Amino acid sequence: MTETTAELRESPESTTVVVIGAGPAGLTVANLLRRSGIDCVVLERRTRERVAQRQRAGIVEARAVRMFDSWGLADQVLGSGTYDGLLEFRVDGESHLVSDDHGSGGPRARLCPQQVLVQKLTAVYLAEGGDLRFEAADVSLHDLAGDRPTVRYRTADGALRSINCAFVAGCDGDHGISRAAVPDGVLTAHAFDHGIGWLTVLADAPPPAHPLFAVSPHGFAAHFARGPHASRYYLQCPPDDHPGAWPDSRVWDALRTRLADVALLPGPITDREIFRLRSLVHDPMQYGRLFLVGDAAHIVSPLGGKGMNLALYDADLFARAVRDSIRDHDDTGLRSYSQRCLRRVWNDQEFSHWLTRTLHEAGDDTQSGSFQRGLARARLDRLFTSRNAVRAFAELMAGLNPVRHGSDFE
Ligand SMILES: Cc1cc2nc3c(=O)[nH]c(=O)nc-3n(C[C@H](O)[C@H](O)[C@H](O)COP(=O)(O)OP(=O)(O)OC[C@H]3O[C@@H](n4cnc5c(N)ncnc54)[C@H](O)[C@@H]3O)c2cc1C
């Protein structure tokens with residue numbers, strides 16, 4: 001008998017759900033399960049400090065605010081940030097304000113940077129006695145197609161642990177081990193590469209009055225709040241560009257030109273990365289007792305702010321499905337999980353794709369050509385002039401447009 005086998009025999013554990021990953025998806029699943037009285041263990045490979053610092057999304061859409069509200073968690077996890085619901089589109093220096101008022105009343109979207117949401121979800125879960133294990137290394141999934149899957153991992157001090165469970169929630173993002181544990185041929189990947197790069201910059205610099213999208217022949221740029229004294233900026237660039245090619249002076253010059261704002265105040269840059277705009281959907285989002293949640297199943301190009309919000313949507317559906325299965329022996333939610341999630345995933349992919357193409361093609365036409373540029377400008381003009389176009393846009397931004405599910409709409 002090897003030492004590893006002996007160690008495993010000494011420490012078998014059992015729980016209902018093992019959650020892999022403590023990002024927005026995993027922490028939301030864990031909190032909602034806990035609120036439903038269902039035990040779970042969260043395994044996260046990074047330290048608590050590292051997870052708490054990851055800055056990405058900035059706005060929790062109206063649908064997700066309502067979701068947290070329905071679980072009695074909104075005030076605890078979303079913080080106090082609000083915004084006036086106006087978006088600014090600046091086209092060749094001319095400003096157009098578009099309202100996100102979708103007309104259905106109820107809570108609006110909330111300004112809540114992703115790292116703040118993660119910090120608060122972590123704090124609430126731990127304060128309520130949740131089991132969250134950071135620095136879990138070498139996580140591996142076994143017997144996913146059986147009745148009791150096993151999850152193995154190594155603790156920070158090197159001990160091997162094993163947990164039996166009824167379900168695994170794969171919430172470990174696009175590069176995690178959950179999706180990779182699914183046998184070849186089970187999942188179909190639907191991928192799209194926009195052929196566009198973004199330089200993304202975080203800086204301790206004054207945020208804009210409203211989320212700002214700028215279109216011009218110089219290329220796309222955007223400016224968003226990431227707290228009362230912090231901003232995130234995006235600058236369109238070649239997808240194979242390098243952050244080293246963007247010293248501070250070039251970043252601020254390009255932003256001033258593309259945002260048509262000579263007075264733009266700079267600040268210390270705290271992070272700068274290049275990434276490729278891409279979209280990806282894996283279908284189905286389930287294999288046996290493994291359920292993929294959030295970025296582990298799909299990536300959405302950032303325009304439209306849907307990635308994190310979709311992760312929250314999946315988390316809610318998954319937690320409700322597990323609750324119904326355990327409490328009421330009703331597996332309907334588990335059986336329809338993938339199909340229901342994918343309807344909204346494709347809905348949001350389409351919105352994000354539309355906005356991405358429109359805002360890039362309306363500006364620099366060297367890649368897409370003058371015809372596409374004309375079409376994109378016409379789409380923007382419609383958004384600036386038609387009340388119905390604005391209403392449809394606002395509903396999509398809020399995540400509140402009905403999506404068909406079988407013969408129903410939700
Ligand atoms: C630059 C940028 C800007 C964005 N802006 C927005 C926006 O404005 N609005 C929006 O809604 N979305 C935005 N997104 C998308 C959003 O950040 C993601 O959709 C969101 O993080 C998904 O959450 P998740 O929990 O599914 O995955 P993640 O946030 O990736 O969390 C996965 C977690 O799993 C852990 N993990 C990974 N592998 C393992 C393993 N083997 N074992 C254990 N743990 C593991 C990771 O450490 C991580 O903590 C943006 C993304 C980027 C890159």
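Selection of region 129-174 for residues being outside any loop (DSSP other than H, G, I, E, B) and aromatic (F, W, Y) yields Y153, F167.
The residue pairs whose first member lies in region 371-382 and is more than 13 Å from S216 (Cα to Cα), whose second member is of a type outside the set (A, V, I, L, M, F, W, C), and whose beta carbons are closer than 6 Å, counting only pairs six or more residues apart or on different chains, are Q372/E361; R379/T358. When R90, R46 are screened for being within 24 Å of S178 (Cβ to Cβ), at pLDDT 95 or above and either surrounded by 16 or more Cβ atoms within 10 Å (Cβ to Cβ) or in contact with a helix residue (DSSP H, G or I) (Cβ under 7 Å, 6 or more places away or on another chain) (or both), only R46 passes.
The residues in region 286-330 that are of a type in the set (G, A, S) and assigned to a loop (DSSP other than H, G, I, E, B) can be counted, and the count is 5.
Across region 164-175, the number of residues qualifying as closer than 10 Å to V17 by Cα and within 13 Å of the ligand (Cβ to nearest atom) comes to 2.
The condition (being crowded, with 16+ Cβ neighbours inside 10 Å, on the phi > 0 side of the Ramachandran plot and not in a strand (DSSP E or B)) is satisfied by just one residue among G72, G79: G79.
Reported count of residues in region 286-341, each being out of contact with any Ser or Thr (no Cβ under 6 Å at 6 or more places or on another chain), more than 17 Å from G173 (Cβ to Cβ) and of a type in the set (D, E), is 4.
Say we look at region 109-130 and pick out the residues that are surrounded by fewer than 17 Cβ atoms within 10 Å (Cβ to Cβ) and of a type outside the set (G, A, S); which of these is farthest from the ligand (Cβ to nearest atom)? Quick ask: steps written out before the conclusion?
At the first step, the residues of region 109-130 found to be surrounded by fewer than 17 Cβ atoms within 10 Å (Cβ to Cβ) are 123, 126-129.
If we keep only those that are of a type outside the set (G, A, S) as well, we get 126, 128.
Details: L126: 15, E128: 20 Å.
Here the residue is E128.
If you go through region 31-70 and keep only what is farther than 22 Å from D131 by Cβ and within 12 Å of the ligand (Cβ to nearest atom), you end up with Q53, Q55, R56, A57, G58, I59, V60, E61, R63, A64.
The values are calculated or read from the model by the stated rules, or taken from the named source; none is laboratory data. All values derive from a computational prediction rather than experimental measurement. Positions of Cβ are backbone-derived with ideal geometry, glycine not excepted, and every protein chain shown enters the neighbour counts.
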